[in-house]
Each structure stands twice: as C-alpha cells, then as structure tokens.
Amino acid sequence: MTRKALFWLLAILFPLPMLLVLNASLSDVFEVRLFIMLGALAYSWWLASILLSVRPSWLDRWVGLPQVYMLHGVLGVTALLAAYLHLDNTHAHSQLAANVGHWAFYLSLAVALYSIVFMSGWLVDRFRSVAKVKHCLEHVLHHQVSLWLHRLNLIAVVLIAVHVHVIAQLRQHLVFMIVFDLYTVATLGVYAWKKWIAPDSYLTGLVTENRALNGSTRQVRITLDSRSADIRPGDFFFIRFEGPGIPREWHPFSLTDDSQGVVVFTIRQLGDYTRTVPQIPIGTTARLDGPFGRFDGIIRESGAGRPLVLIGMGAGVAPLLSLAAGYLRNRKISLLWSIHSPNDNYYADLIDNYRNSSDGSFDALTRVGRFTRDALQSQLSEEQIGNAIYFIVGPNAGVLSTQRTLKRLGVSTGRIHHERLTM
C-alpha cells in the first residue's frame, strides 16, 4: 500500500517544477493565473501519461503494470478536465494559438473516449452493452489500429507546444519556456527511445515450437539467445514476432514455466492478432520486451510458508503453472483450473507431474465450467480462507466474479491478486 501511495504521489510531484516557475513568472496576470496554471497542469499530466505508456520495467516490479496503466488513464482523463477549465476561462490574443489549443483539446478528448472503450476495462468489464459495441467495432478497428489512434496523443502534445510558443505573453518568460521545452523534449525523447531504439536491446530468441494444444489454443516455445536471470515465475512478456506476413506489433503473453533459457507461452486464439499465431514458422525471430509481473514479488514479500491458491480460467492457467513450477517444493499450493470443455484439459499430464513430484504439497482440481461459490467453499480449507494468498488469471468478467465470491467467503482483499487477460 505504501508503494502505491508513493507511486500516485509522483503524479502530484511531476508538474511542480513547471508550475512553480510559471507561478513566479505570472506576477502581472492575477485574474487568470489559476486558469493558465491549469493549462500547464494538464500538459504536465499528459506528458506523465505518455511516460507511463512506455511501461518502465522498474515501475512494474515496484507496483505492477495494472497500477501503471490505471494512473496512465486517470492522468489522461483528469488532464482533460483541467484543460477544459483552462480553455473556458482564458483568451489567447493570437488566433493561431487559440485554434491550435482547441485542436489539441478535442483530439485528446476523442482519443480518451476511444481508449476508455477499446483499450481499458473501465466500462467494457462492467457493462455488456458497451462490450457488445466494442466487439462489433473490433472487426473494423483492429488492435493495431487502436494503438496508432492512441498515439495521436503525441500530435496533441506537439500542438500544445506550438500553442504555448506562439503566445507572446509566455514567450517573454525565458525560464518558464526553458522548463517547458525540457519537459517536452525529455518526454518525447524517452518515448522515441523506448519505441524505436530500445527494441534492439530487448531479449531475442528463435521460435523452436509452435503446436496446437486444441482447436483454439497453441503452445509457442522460444529459445532465447542468452539466459535471462530477470525472469521470475508468473512473469509475462510483450512479444513481437519478426517474419513475412506476421503483424509487427507487440502483444502480451504469460510464461507457462519458470525457465530462464527456453520460454514457453500458452496462447488462446481469440483476437485478430492471436489468430495469426499458427502462421508463425519454426525459426522465426522473436523480440521480448520484459519480463513484467508482480506475482513472484508478492509471494516473496508475503513471508515464508503461506499457502498459495491459484485460480485459472482457460489459457489463464499459464502463469499459474509457472508459479507452481517455481514454488513446487517450498509452498503448499492448490491449483483450481476451470475449462470450457474436456478438450481444453491440455495440461493434464503436466499437472499430474507436478502433483507426483511435490511430496504432497501440490494439489489440483480441473473443472468444466466456472467455480461457483459452493464449489469454492467445498474445495477451500479454513487455513486457505484465512491465510492463503490468491492469484486469479482469466477473462475480465470471470476474474471480477471470482474476486467477489472469494470476498464473500471471507478472503481479505489484500490477499487477492489477479491478472486479466485483456489488452
């Protein structure tokens, strides 16, 4: 909790240098100073949101990518409110400045509304009508299109920079302009480095296996060019496969084991990108951005000996099997795996191997259909309800429903951790 509080505090501290310099510079415009500063605040938060979008690995290990994405979205939306108050209560003497400022605001507003529906679970996970609209439009607005539309925020930043530079009343304040330009150049520089230069420094490997587990799920094995000691049980990577006819986009996939040299991924073919996975030939080069994940860190911080309850839905069992492999001999583990049909039980042999080699510390139950409250209540012991750490991985709706059920059974919120299969 302390880490999350400090992380969110960064959102308050990030704009302070620019705001303090601007406040000292605006000694002659008392009547609109607040609203001018709201514009600077909005701009700072947009820049902070862009910095968070590059997925800093140290922040992931510190608080987890879900928190990073949440702050990214909150800053973007809150900045819109500050920008609206700025536009509605100030008047630029230059028509060009006014036009560019309005273009930036409406562009950011459009991207925010689009992202709330297509790139987050704020509405989709909770309202079926919104989910249906998203599903229908996804046939036209594919994931790669969504990513490029989201990058229109960069154009909005450039427009705002132009907006500030053509306002004579601000240009005369040299110190503020220097700070403003440093913020802008540093942010765009970090983004450009991460997106277009850093991929050459990512982990690389070759696809050595790409086989069907059933009609809709595949297992992809990548042999890394060099071992990575940073990989931990339960981690995931953003992967880009490089070959003719393969979409050149990054997509997140969870590890299925705890190996640091040969990494295995279980991929459910649901979206427009994952349906192309069968086309990836053996020998294809893969770049891996990561690893990311907080599951292993949470277990390490929980103290020795606490039991683990792993609840997976469909392909969501992958990172849980990775956790099981990593803690098979020093934790008491219960794996609960819900599948859609008996044909989906493609890891039965692996689970049996874990059970047989665990000296009684690992047990598992595979069930067709979701685990209901009665099923969970009959399966979980009093020790597990009162002391175990829970990890849930699966589709958004299933994760939210399981969280509610566990809380009703008496599991405290702080012991429930999840990863939603969404992008």
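The values are calculated or read from the model by the stated rules, or taken from the named source; none is laboratory data. Small disclaimer: the values here were computed from a predicted structure and weren't measured. Positions of Cβ are generated from backbone atoms using ideal geometry, with glycine treated the same way; all protein chains shown enter the neighbour counts. Areas reflect the complete protein model, heavy atoms only, side chains present, ligands, DNA and RNA absent. Shrake-Rupley method; radii C 1.70, N 1.55, O 1.52, S 1.80 Å.
Close amide H partners of Thr366, meaning residues 5 or more places away or on another chain with modelled amide H under 5 Å apart, are Trp337. Considering only Trp193, Trp46, Trp337, the Gaussian network model of the chain with Cα springs below 10 Å gives its largest mean-square fluctuation to Trp193. Quick one: angle between helix 16-25 and the longest Cα principal axis of the chain, in degrees between 0 and 90, rounded to 10, please. The angle comes out at about 10 degrees. Scalar couplings 3J(HN,Hα) for the stretch 244-256, obtained by applying the Karplus form with A = 6.51, B = -1.76, C = 1.60 to θ = phi - 60°, are x, x, 9, x, 8, 10, 8, 9, x, 9, 8, 5, 9 Hz; x denotes Gly and Pro. Give the angle, between 0 and 90 degrees and rounded to the nearest 10, that separates the Cα long axis of helix 174-192 from the longest principal axis of the Cα atoms of the chain. Between the helix axis and the principal axis of the chain, the angle is about 30 degrees.
The spread of Cα positions in the chain, taken along each principal axis and listed from longest to shortest, comes to 77, 51, 42 Å. For the stretch 50-61, backbone phi angles converted through the Karplus equation (6.51, -1.76, 1.60; θ = phi - 60°) give residue-by-residue couplings of 5, 4, 5, 5, 7, 6, x, 5, 5, 5, 4, 5 Hz, Gly and Pro being listed as x. Picking from Lys332, Lys407, Lys194, which is most flexible by a Gaussian network model of the chain using Cα springs under 10 Å? Comparing Lys332, Lys407, Lys194 in a Gaussian network model of the chain, the most mobile one is Lys407.
Computed over the chain with a Gaussian network model linking Cα atoms closer than 10 Å, the most mobile of Ile267, Ile351, Ile178 is Ile178.
Taking amide H atoms as placed 1.01 Å from N in the peptide plane, the amide H of Leu213 lies under 5 Å from those of Arg218, Gln219, each 5 or more residues away in sequence or on another chain. Ligands, DNA and RNA are left out, and with a 1.4 angstrom probe the accessible area of the stretch 1-106 is 50 Å² per residue.
Using a probe of 1.4 Å on the protein chains alone, the accessible area found for Leu71 is around 10 Å². Counting protein heavy atoms only, the chain has 61 percent of its accessible area on carbon and sulfur, 1.4 angstrom probe. With the charge dipole of the chain set up from +1 on Lys and Arg Cβ and -1 on Asp and Glu Cβ about the Cα centre, the Cα lying farthest toward the positive end among the listed residues Leu65, Gly305, Val158 is that of Gly305.
Taking N as the residue count of the stretch 141-233, its C-alpha radius of gyration divided by 2.2 N^0.38 Å amounts to 1.77. About its Cα centre, the dipole of the chain is roughly 580 debye, where the only charges are +1 on Lys and Arg Cβ and -1 on Asp and Glu Cβ.
For the stretch 170-212 and the stretch 256-290, what is the centre-to-centre distance using only Cα atoms, to the nearest Å? Using only Cα atoms, the two centres lie 25 Å from each other.
Along its three principal directions, the equivalent ellipsoid of the stretch 256-373 from the Cα gyration tensor extends over semi-axes of 25, 19, 14 Å, largest first. Couplings 3J(HN,Hα) for the stretch 67-81, derived from phi with the Karplus relation 6.51 cos²θ - 1.76 cosθ + 1.60 (θ = phi - 60°), are 5, 4, 5, 5, 5, 4, x, 4, 5, x, 6, 5, 4, 4, 5 Hz, where x marks Gly and Pro.
Over the residues of the stretch 1-89, compute the C-alpha Rg and express it relative to 2.2 N^0.38 Å. If you can, show how the numbers build up before the last one.
Working: Rg = 14.6 Å, N = 89, 2.2 N^0.38 = 12.1 Å.
Dividing the Cα Rg of the stretch 1-89 by 2.2 N^0.38 Å gives 1.20.
Measuring only protein heavy atoms, the 1.4 Å probe finds Tyr84 accessible over about 120 Å². All Cα-Cα separations within the stretch 327-423 were binned at 5 Å from zero, giving a P(r) of 2, 12, 21, 25, 21, 14, 4, 0, each value a whole percent of the pairs.
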